[in-house]
Each structure stands twice: as structure tokens, then as C-alpha cells.
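No lab work stands behind these numbers, since they all come straight from the coordinates. Since the model is a prediction, treat every value here as computed from it, not as a measurement. Cβ sites come from the backbone with ideal geometry, for glycine too, and all protein chains shown count toward neighbours.
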Amino acid sequence: MAWSLLIRGGTVVDGSGAPGESKDVAVEGERIAAVGAGLAGEAARVIDATGLMVAPGFIDIHSHSDLFYHACPAAESKVRQGVTTEVVGMCSFSPAPVAPGRAELVRAWAGGTGSQLPIAWESFGEYLDHLRRLGPSVNIVQFAGQGALRLATVGPDNRPPTPAEEAAMERHLAEALEAGAFGFSTGLVYPPSLYASTEELIRLARSMARRGGLYFSHIRGEAAMLEDSIAEAIRIGEEGGVPVQIAHIKAAGRENWGLMDRALGLIEAARARGVEVTADVYPYTAGSTKMDNLLPAWMHDGGVARLLERLADPAARRRAVAECLVDGERWLTFSGATGWDEIVIATCPRAELEGMSLAALARQAGTPPAEAMLDLLLAERASVSMVIFSQSEDNVKKALAHPHVMVGSDSIGLSAGPGPHPGKPHPRMYGTFPRVLGRYCREEPVVSLETAVHKMTGMPAAKLRFKDRGLVRRGFAADLALFDAATVRDEATYADPHRHPTGIPYVVVNGQVVVDGPRFNAVPAGRVLTPA
Ligand SMILES: [Zn+2]
């Protein structure tokens, strides 16, 4: 029989955590047709994988490509890392559902790129159809953002839902699950997600328990509140009757670095009593998000227009400074007390500021750093993102080594097409997966190669209840990443982030060779996946 693709001579690291074995992999159409030593048969194409590892395509269990599929359905910076599936709708944000008449509210909430978003959908199902028409090069697993559910019902205000609004929220979530959502996500530091009480979230979780929905949590606090916040996420899963994923686990802020062991301990204790809780981590000590998240929650109440009013109001600014300035020199954020030199402008309408720390911006402006930040957010209408250094290398390694922590990039798939690339985004957009394989498997080993691959494939696949992805097995989807264990490495840095990794010469998505040596084929190989 003739196969469409035969990958010959490589070492199959199958994603289960088992040791690699010399095997060939045959693909027919979108599926793996055979796995075995010395496969004999005709194939339309043969890839010589001598010296390469043949792994399942990586599943980015925590991605934020949502808005970027519109401009870059190829998600090139992800696929070049070996990623074949992205989990989006994270941290409370999803582009759907959109309640009638509320598109403008969603655009303002999305900010940045999202402020131009051509919203041509209302229901979650309509949005998934829209995604399909975009022709992505990666598979997409879409969650419903609990912020979107709240915007569609309560709106942007800081108040509990009425019983009718709560029923509507549950209805929106049920529709989303029906259409193909895998569950809901929170971002309990981001408005309007953070306005939800624990009890509101338990009820929302309970409403989807019967349908097998998953709860992915950006928790309420990753700094001093870390333990309480992990306990809250676990409680939502335990009382709501749903599995939990703790997103991008970290102990943020130097004074909180010691909390990581206890955070991991809470996960172990919950698992021991039968709660399915797992976590993910990115292999960097800096995080990244929108800069207006440095502001206290009350400034966001009522949405972006109200935020801008407060940024222009001297009394509101004084209150923010009084609440957040620590020792006159650090800013108390969701990441703990952070120095101004540890907060770097990543993307900004004023491109000349990208890559500059707030300390440097303040020196240039001749104002105190807090004023420089407030002025910047006001002038740029809060459309500024940042890279924020807040974590310890030891904790990154500890999380990565933990048996129930998988790898997620917490980032966006960008196109590297011709021309200059804007901004100084977090290098994780280009480097997460090869950085784990290069730095943390080979250079400063904290996990074995097989374990690292498992954390990128079989483990997230199990979390998502995939029956036919995440392993190199006959009958499974032909999502494959071929890499050279001796040379694979991330090339993207904070100073020079727009650089693809080396050592990943082939990436196959549903049987189509998307990364083909030096060539990137932006074909619509991806599928919008639905729960098994
Ligand atoms: Zn998050």
C-alpha cells in the first residue's frame, strides 16, 4: 500500500514518557498509519529522520493567539517550535460569546489588536465557524473566557450578577460547550473576571460538570496571595465537580519566592483526595501582560472609558500611588512589589519606547516613575503591554520538574513574514518549547527528554481528554514534531525576541508538512477541535 508520508530512521519519543526507540512512522492522509522498525512500503514522500527525535506535535496548553489568528492564521512562531495544537480562550478572555449590541464593549476590553477586531459573530458556535474559515495552520482548542461570559451578561461592572444574569451566563456557557468549547477559563486579576466571587465560580463550574467541562484558572493572586488563590481554584474544581488546571504557575515577587513549595504541596494534597488538578509553566523568569494591569482593580471598574477618566483625574492618580507605591521606589502589583527597572515596555503605539524600562522612561521624562507610567497609559489609551521580571529560576525548574506540571507558553503565535516585526514581545512566543528541550533537558537538565516531551504532548492530551492526539500511535492524528536533541534551542531573547528556534526541521500538522526544512508552508492544516 502507498502512504502519503514515511518518516524513516528517527527515534520515536512517543509522548507517553517511555524511552525513545528507533522506529519509522507512516502517515496516510491525516492519520498515523503505522509505527514500527523498518517499515516497508511505498510513500509519496519520505523524510529521512536519521539523528532526529520524532515526537507527537506539541500541545501548547496555555496560549493567547485568539485575536492573532485573524492576522496570522499560520501561528508561525508556534508551529516553528513544534506546536501543532494551541489551547486558547485563556485567562478569562475569549472573543465569544458577544451579546447583541455589546461588540464595542468586547473590542474595548480586548484592547490593542482587538480594538480593531471585526466582530461578525455573537454565539460561540458562530465564532468557531469563523475560526474555521480563517484556515489556521494549527489545531485549536477553544475555551470560553469567563470574562466574556460576564461581559455578555453583567457587563463590565464590579458587582455580583442578578439571578437572571447568572442564569444567562450559564446558558452562554452551555451553548459554548455544545458548540465545542472545552470548558471555561478565569483571569482573576483581570476585569471583569476578577469581580466574580468564589461562589459565583463554583456555581458556574457546577453548571458544566455534567458536560465534562474543564476549569482553567489564572488564579486570583500569584504573589503574596498565592496559597489562598491556589486553594480557591482547587475549591472551585472540588465543589464544582470539574477538573482544574492552574495556569502558568509561579510565585511572583522576590518576597514570595519561598511560597512555591507550598503551592505545589496544595496541588499534591488535593490530588491525594481525588481532585484532578494539574498546572502548567513557561520556562522563563519574566511574565508579560497588558500594562494597565499594574493598576489597582478599582481603576478598571466600569471598563476602559472609565479607566481613562481616572488616569486623567489627579485625585484618582494620588489614590493609586498611595496604595501601590512601596518604600517610595517599587510598585505593588499582581506580581508583588516590583522595581521600575523590572518592568519593560513590550509593545506600544510609540514604537521608540519598546524595550525601555519604566525606570528609563521616567529618567527620560524627568518625572517620578509612577507618574511616567500613569502618563504613558493615559497617552496611549492603555494600549501598552509589558514584560515583567518577577520570578526565580529555581522555582521555574521546580515547577518544570513537578510530575503534574506541563508546558504552556502563555503567548501568541506571530507571523515572521517579511518586513520588520513590531515590538519587543516576550521571547516565549518563539522559544518556549525548544527552550525546555535545549536548556532544561540538555544544558541544565531538570527533566529527561522523554519526560519533557510527555509534558508537551501526552500529559496535556490527557487533560483535554483527547482520544487520538498527543501520542505517536497508529490511528492517532498525524501531528508530529521532529527535532535534533543535540542542537535544539531557543534563539529568541528579551532584546531580540523575533527569532525562530533552531533544531526543529520538520513539523507535521494533520499529515501536512508545515515546517519543511527551511520552508514554512502556511497551509490550512489545522482543525478547530471539539471535545471527545
Ligand atoms: Zn494568565
Original post:
So how strong a dipole does region 332-406 carry about its Cα centre when Lys and Arg Cβ are +1 and Asp and Glu Cβ are -1, to the nearest 20 debye?
Top reply: 180 debye
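Quickly rank 480-493, 102-115 as a protection proxy: mean count of other C-beta atoms within 10 Å, highest first.
Working: 480-493: 21.5, 102-115: 17.8.
Result, highest mean first: 480-493, 102-115.
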**OP:** Only Cα pairs under 8 Å and at least 6 apart count here; give the relative contact order of region 471-524 as a rounded whole percent.
**Re:** 30 percent
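Let me have the 222 nm mean residue ellipticity of the chain computed from DSSP H runs of 4+ only, each contributing -39500 (n - 2.57), with the sum over all residues rounded to the nearest 500. Please list the in-between numbers first.
Numbers: 16 runs with 155 residues, N = 532.
My calculation for the chain gives -8500 deg cm²/dmol from helical runs alone.
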Subject >> Qualifying lysines (Cα of each under 18 Å from Cα of K424; at least 8 residues distant if same chain) >> reply: K78, K290
Original post:
Which log10 I(q)/I(0) values, to two decimals, does the chain give at q = 0.13 Å⁻¹ under the Debye formula with one point per Cα?
Top reply: -1.30
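For the ranges 186-194, 356-364, what's the packing order if you count other beta-carbon atoms within 10 Å of each residue, average per peptide, and put the highest first?
Values: 186-194: 24.7, 356-364: 17.8.
Answer by packing, highest mean first, reads 186-194, 356-364.
Ordered by packing density, taken as the mean number of other Cβ atoms within 10 Å over each peptide's residues, highest first, how do 428-438, 460-470, 297-307 rank?
428-438, 460-470, 297-307
Set the Förster radius R0 to 56 Å, insert the Cβ-Cβ distance between A37 and E175 as r into 1/(1 + (r/R0)^6), and round the FRET efficiency to 0.05. Please list the in-between numbers first.
Values: r = 48 Å, r/R0 = 0.86.
Efficiency computed from Cβ-Cβ geometry: 0.70.
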Original post:
Between D468 and D516, 0.36 nm times their residue separation minus their Cα-Cα distance comes to what?
Top reply: 14.9 nm
